[in-house]
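Here the structure is laid out as structure tokens; the discussion comes afterwards.
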Amino acid sequence: MGRSRKGRDISGWLVVDKPAGITSSAVVNKVRWAFGAKKAGHAGTLDPDATGVLAIALGEATKTVPYITDALKAYRFTVRLGQATNTDDAEGEVIAESGDRPTDDEIRTALPRFTGDIMQVPPKFSAVKIDGERAYKLARDDEEFEIAARPLYVDSLEMVARPDADHVTLEMVCGKGGYVRAIARDLGQVLGCHGHVRDLRRLWSGPFDAEDGVTLERIDELAKTPALDDLLLPLEEGLADLPELRCTPEGAAKLRNGNPGMVLTSDVEYGDEAWASLNGEAVAVGIYRAGVLHPSRVFNRPPAT
């Protein structure tokens, strides 16, 4: 029989303003330690040198991670023009250079090619799996391989600054699965001058904003104290993009047992995904059908009083 994981049964979201120089997994581990939490996970990896929103889910909130992962996200990043690297960012080895530099108008003209539903080839130094192996491991071993293009939805891509001829700062809003490094690489190719990401910041992710993020220094300062618990956002924040259905105590009891439960009339359509609440607390997520929610995820917490 496996050992149960030690820790507190605490649930909610913590928005971390991730600094450069640390992996997303290391941030999750620090947050789990600081709260003494039994379970934690993040909603969307940031590269070690990237900064900004890293949303950490604790306890039952981990069941809402897919809804944040699927949500739109915004990034501000600076592209170094004139150089391509093997990692598509500043950490890599320069593999091609060009003396050509595009004008501001040429950059703006190229950006629409990267909006809407596009196909994107992830960087070779990425966590994409190739025949069961991570691409970055194959790349480090100088293996020859190809990565298939993947669909990506880009809601917007705009130039916000041109610090000098060698750099351009862009802001992008996109769906899940996108690689900002690939945008920089491909933009450089389209402009005929090469390019890679110099710096990257995630501005927001779904309902979570970098301006509301907690620093690692603050987490260290408040670790293992009630003051840190006060920074935790409700589990329900992770369901912001889903419609809420209120249920009766009887319906909540059925849902908590994994059975379909009656919910109050709403304008949700048959077959829509939604979440049911009792006294404002999430009970379950599921599919709505004719006054009943059929649960796919149930939140195992004490009933609200």
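The values are calculated or read from the model by the stated rules, or taken from the named source; none is laboratory data. What you see is a predicted model; the values in this text were computed from it and never measured. Don't worry about glycine lacking a Cβ; one is built from the backbone with ideal geometry, like all the others, and counts go over all protein chains shown. All accessible areas refer to the heavy atoms of the entire protein, side chains included, with ligands and DNA or RNA removed. Shrake-Rupley method; radii C 1.70, N 1.55, O 1.52, S 1.80 Å.
Name the residue, out of Glu217, Glu221, that is assigned to a helix (DSSP H, G or I), open to solvent by 20 Å² or more (accessible area, probe 1.4 Å) and either farther than 20 Å from Asp47 by Cα or at pLDDT below 95 (or both).
Working: Glu217 fails: either farther than 20 Å from Asp47 by Cα or at pLDDT below 95 (or both).
Every option except Glu221 fails the conditions.
Give Ala84, Ala96, Ala37 a once-over and let me know the one that is hydrophobic (A, V, I, L, M, F, W, C) and in contact with a Leu (Cβ under 9 Å, 6 or more places away or on another chain).
Result: Ala37 is the single residue among Ala84, Ala96, Ala37 that is hydrophobic (A, V, I, L, M, F, W, C) and in contact with a Leu (Cβ under 9 Å, 6 or more places away or on another chain).
Restricting to the stretch 229-272, give me the number of residues that are touching a helix residue (DSSP H, G or I) at 6+ places or on another chain (Cβ under 9 Å) and closer than 26 Å to Ala40 by Cβ.
The qualifying residues number 15.
Going by what's in this entry, would Lys137 be described as open to solvent by 90 Å² or more (accessible area, probe 1.4 Å), under 20 Å from the mean Cα position of the chain (by Cα) and either modelled with pLDDT under 80 or basic (Lys, Arg) (or both)?
No.
Hey, among the residues in the stretch 163-193 that are in a helix (DSSP H, G or I) and among the basic types (Lys, Arg), which one's most open to solvent (accessible area, probe 1.4 Å)? Outline the logic, then answer.
The first filter runs over the stretch 163-193 and keeps only residues in a helix (DSSP H, G or I), leaving 180-191.
Keeping just the survivors that are among the basic types (Lys, Arg) gives 181, 185.
Values: Arg181: 17, Arg185: 41 Å².
Of everything passing the filter in the stretch 163-193, Arg185 is most open to solvent (accessible area, probe 1.4 Å).
Can you tell me which residue within the stretch 27-38, out of those that are open to solvent by 40 Å² or more (accessible area, probe 1.4 Å) and at pLDDT 95 or above, is farthest from Tyr179 (Cα to Cα)?
Residues of the stretch 27-38 that are open to solvent by 40 Å² or more (accessible area, probe 1.4 Å), as a first pass: 29-30, 32-33, 38.
Still in the list and also at pLDDT 95 or above: 29-30, 32-33.
Numbers: Asn29: 24, Lys30: 25, Arg32: 27, Trp33: 30 Å.
Restricting to residues being open to solvent by 40 Å² or more (accessible area, probe 1.4 Å) and at pLDDT 95 or above, the top hit is Trp33.
Kindly list, by first and then second residue, each pair from a residue in the stretch 208-226 that is on the phi > 0 side of the Ramachandran plot to a residue that is open to solvent by less than 100 Å² (accessible area, probe 1.4 Å), limited to pairs with Cβ atoms under 7 Å and residues at least 6 apart or on different chains.
Lys224/Ala34; Lys224/Gly36
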